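Presented below is the structure to which this report refers.
The values are calculated or read from the model by the stated rules, or taken from the named source; none is laboratory data. Predicted model, so just to flag it, every value in this text is computed and none were measured. We place every Cβ from the backbone using ideal geometry, glycine too, and count neighbours over all the protein chains shown. Remember, those area values only see protein heavy atoms, side chains included, never the ligands or the DNA or RNA. Shrake-Rupley method; radii C 1.70, N 1.55, O 1.52, S 1.80 Å.
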Amino acid sequence: MEMDQLVALCKRRGFLFQSSEIYGGLQGFWDYGPLGVELKRNVREAWWRDMVLAHNEQIEPAGAPSTFEMTGLDCSIIMHPQVWKCSGHFDLFHDYMVDCRESNRRYRHDQVNGRWVECDGKRVFIATTLGGEEAVAQTAQRAMKLFNLRKKHADRLTWDGPVVSLTTVEDLSVVFGPDAKEVGSLTDPREFNLMFKTIVGALGGEEDAAFLRPETAQGIFVNFKNVCDSTRVKIPFGIAQIGKSFRNEITPRNFTFRSREFEQMEIEFFCQPETSPQWYKYWRDRRFQWYQDLGLAGERLQLRDHDEDELSHYSTGTADIEYAFPFLPEGEYGELEGIAHRGDFDLRSHMEGKLDPATNPLEVEVDDDGKPRHRGSGKDLTYFDDMTKERFVPHVIEPSAGADRATLAFLCEAYQEDEAPDDKGKMQKRVYMKFNPRLAPIKAAVFPLVKKDGMPEVAQEIYGQLKPHFNTFYDAKGAVGRRYRRQDEVGTPYCITVDGQTLDDGTVTIRDRDSLEQTRVAKDECAAVIREKLGL
Ligand code: GAP
């Protein structure tokens, strides 16, 4: 599947629109349309149900070190600015960017690639924003242009090594920028904090500056004590949160993959330090399985454990769940979710003051006067275990997923093409979205075969029976084959048709989106049959 086909389908059928499109759009912001909102809600609800609501704290799940509890929070987007100082986002949450003085374009330093080439004694790094084979082709083309060569003189170019990141290049004066006409137009890399700044209150000056949260996780850490004091949860337990996060990404791109406003689904799981490595493995494997259960079952999904040397010393493990999105070069994967063992870094930072992640054991980062660089809350965020009479700072396992990225992966995976007979029995190309029924925006569609002979009345009655239970669509317009196609294209798993036989024996057909099989059931049993098929 080409990404353009999916993007076109998303717009045509109301899954996703560019934000503020009538004004030319705003880069990195997206609106979910009438079907997209249902799809994304289903993704969020599947996550909340599977992780929080359906969790049974009385039973030890397979692979878990013990039973555990789960609860939730919904925190504000704007929080006290000190939160971001202690979390490290104020000092450390930045990307490096390079500007092109010639084209006025801005790039993320680590997202520019290129190849070294030499021609007539001149060595240049030909830069591109593409990767893989596309980067090879584009750099070859641009080098020919730069050195004013015709095709037959391509052998005057001597290529030195494969495509590498711009971050490997020390002297940017020899770089031919991705959109430049001259060599040496890129500035040196500069830091750029990704947090969106805003002002709180009417009189606001710089002292009233606050930030839109770049992750939902910190709301959970700063409420740890509130949750412990207001509920009877006992460690081990998890706090889940779904909500918007904001990052002023330098180069938002690839549809919703890298947006400036997006939604996260995060769990902070608090446990005893001794059992935290087992809990890390439990959450890593469970979260990987979740995506597979919802349809990302093929080779495009992978679990990648970070190497030892990529880990902070206080962490015993981090893994990414990744998906081979079609917009990425062959063999590359994009992150859907990270599962991290965070030790006691966050709770201690909010208690004692921002810790220096480079210290071992962790110590509060100090300024030139030996005072904490960023003061903590001073509140006691330790946990007292009634049974063992021990007081300790819990360790944390963090499965952190993106709702928009998951939705995008489910959209990519669902896109299918095959052939199906039209109304005259002629085979026609069919595009259908093979969503897991739990995620499908519309669960069932009801059609009268024709708009006469009492069929619409029966179809409306069935529609009325289904609608209170799940999202159902009624359609009486056009040839029935075309109505099936329209539902296939948005991934509706079941279509119910009222036909001539319904009037004789009270049965209707239920058509399966994937197998195209039609079975007859009594019209009054329709709701029960579909509910069973959906597992409701
Ligand atoms: N609390 C940890 C944390 O926020 P992260 O890897 O920065 O970790 C977690 O983000 C998840 O949030 C990512 O795996 C991704 O699914 C989603 N995410 C992050 N930045 C995003 C962006 N700019 N657009 C869409 N989703 C994003």
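Regarding region 348-361, can at least one residue be identified that is touching a residue at least 12 places away in the same chain (Cβ under 8 Å), open to solvent by less than 60 Å² (accessible area, probe 1.4 Å) and among the β-branched types (V, I, T)?
The answer is no, given that none of the residues of region 348-361 is touching a residue at least 12 places away in the same chain (Cβ under 8 Å), open to solvent by less than 60 Å² (accessible area, probe 1.4 Å) and among the β-branched types (V, I, T).
Of (1) part of a strand (DSSP E or B); (2) at pLDDT 95 or above; (3) open to solvent by 20 Å² or more (accessible area, probe 1.4 Å), D95 satisfies all except one. Which?
Failed condition: (2).
I'm trying to understand the selection: among the residues of region 468-495, which are buried (at least 23 other Cβ atoms within 10 Å of the Cβ) and closer than 14 Å to L449 by Cα?
Y484, C495
Count, please, the residues in region 265-306 that happen to be closer than 27 Å to Y415 by Cα, assigned to a strand (DSSP E or B), hydrophobic (A, V, I, L, M, F, W, C) and away from the ligand (no atom under 11 Å from the Cβ).
The number of residues fulfilling the criteria is 2.
Has region 308-324 got any residue that is in contact (Cβ under 8 Å) with a residue 40 or more places away in the chain, in a helix (DSSP H, G or I), more than 16 Å from the ligand (Cβ to nearest atom) and open to solvent by 10 Å² or more (accessible area, probe 1.4 Å)?
So far as region 308-324 goes, no, none of its residues is in contact (Cβ under 8 Å) with a residue 40 or more places away in the chain, in a helix (DSSP H, G or I), more than 16 Å from the ligand (Cβ to nearest atom) and open to solvent by 10 Å² or more (accessible area, probe 1.4 Å).
Write out, first by first residue and then by second, each pair whose Cβ atoms fall under 7 Å of each other, whose residues are 6+ apart or on separate chains, and whose first residue, in region 202-223, is under 16 Å from L92 (Cα atoms) while the second is within 10 Å of the ligand (Cβ to nearest atom) and part of a loop (DSSP other than H, G, I, E, B).
Hits for this filter: P214/F93; P214/L194; P214/R247.
Report yes if some residue within region 114-123 is in a loop (DSSP other than H, G, I, E, B), within 14 Å of L166 (Cα to Cα) and not charged (D, E, K, R); otherwise report no.
Taking every residue of region 114-123 in turn, none turns out to be in a loop (DSSP other than H, G, I, E, B), within 14 Å of L166 (Cα to Cα) and not charged (D, E, K, R).
For region 234-254, what are the residues that are of a type outside the set (S, T, N, Q) and at pLDDT 95 or above? Talk me through it step by step, then tell me what you get.
Quick first cut of region 234-254, residues of a type outside the set (S, T, N, Q) only: 234-240, 242-244, 246-247, 249-250, 252-253.
Within region 234-254, K234, I235, P236, F237, G238, I239, A240, I242, G243, K244, F246, R247 qualify.
Does L53 meet the test of being without any contact (Cβ under 8 Å) to a residue 12 or more places away in the chain, within 16 Å of the ligand (Cβ to nearest atom), over 28 Å from S349 (Cα atoms) and open to solvent by 40 Å² or more (accessible area, probe 1.4 Å)?
Criteria not met by L53.
Return yes or no: is F262 closer than 21 Å to I321 by Cα, at pLDDT 95 or above and within 16 Å of the ligand (Cβ to nearest atom)?
Considered against the rule, which asks whether it is closer than 21 Å to I321 by Cα, at pLDDT 95 or above and within 16 Å of the ligand (Cβ to nearest atom), F262 comes out as yes.
Cβ-Cβ below 6 Å, separation at least six or inter-chain, first residue in region 389-405 and open to solvent by 40 Å² or more (accessible area, probe 1.4 Å), second more than 12 Å from the ligand (Cβ to nearest atom): which pairs?
R391/T382; R391/F384
Do the conditions hold for V112, that is, is it surrounded by 19 or more Cβ atoms within 10 Å (Cβ to Cβ), farther than 23 Å from E332 by Cβ and modelled with pLDDT of 95 or more?
The answer is no for V112.
Looking at R430 and the list (1) in contact with an Asp or Glu (Cβ under 6 Å, 6 or more places away or on another chain); (2) buried (at least 20 other Cβ atoms within 10 Å of the Cβ), which single condition is not satisfied?
(2)
Tell me the residue from K197, K244, K225, K234 that is open to solvent by 10 Å² or more (accessible area, probe 1.4 Å), under 21 Å from A401 (Cα atoms) and within 32 Å of the chain's Cα centre (by Cα), please.
K244
Considering P329, P361, P357, which residue is at pLDDT below 95, within 16 Å of the ligand (Cβ to nearest atom) and over 21 Å from H80 (Cα atoms)? Steps first, please.
On the way: P329 fails: within 16 Å of the ligand (Cβ to nearest atom); P361 fails: within 16 Å of the ligand (Cβ to nearest atom).
On inspection, the qualifying residue turns out to be P357.
Looking only at region 1-40, which residues are without any contact (Cβ under 8 Å) to a residue 60 or more places away in the chain and part of a strand (DSSP E or B)?
F17, Q18, D31, Y32
If the requirement is being under 21 Å from K379 (Cβ atoms) and within 13 Å of the ligand (Cβ to nearest atom), which of these qualifies: I220, I250?
None of the other options fit; the residue is I220.
Exactly one of (1) within 16 Å of the ligand (Cβ to nearest atom); (2) within 13 Å of L347 (Cα to Cα); (3) open to solvent by 10 Å² or more (accessible area, probe 1.4 Å) is unmet by G376. Its number?
Of everything listed in (1) within 16 Å of the ligand (Cβ to nearest atom); (2) within 13 Å of L347 (Cα to Cα); (3) open to solvent by 10 Å² or more (accessible area, probe 1.4 Å), G376 misses just condition (1).
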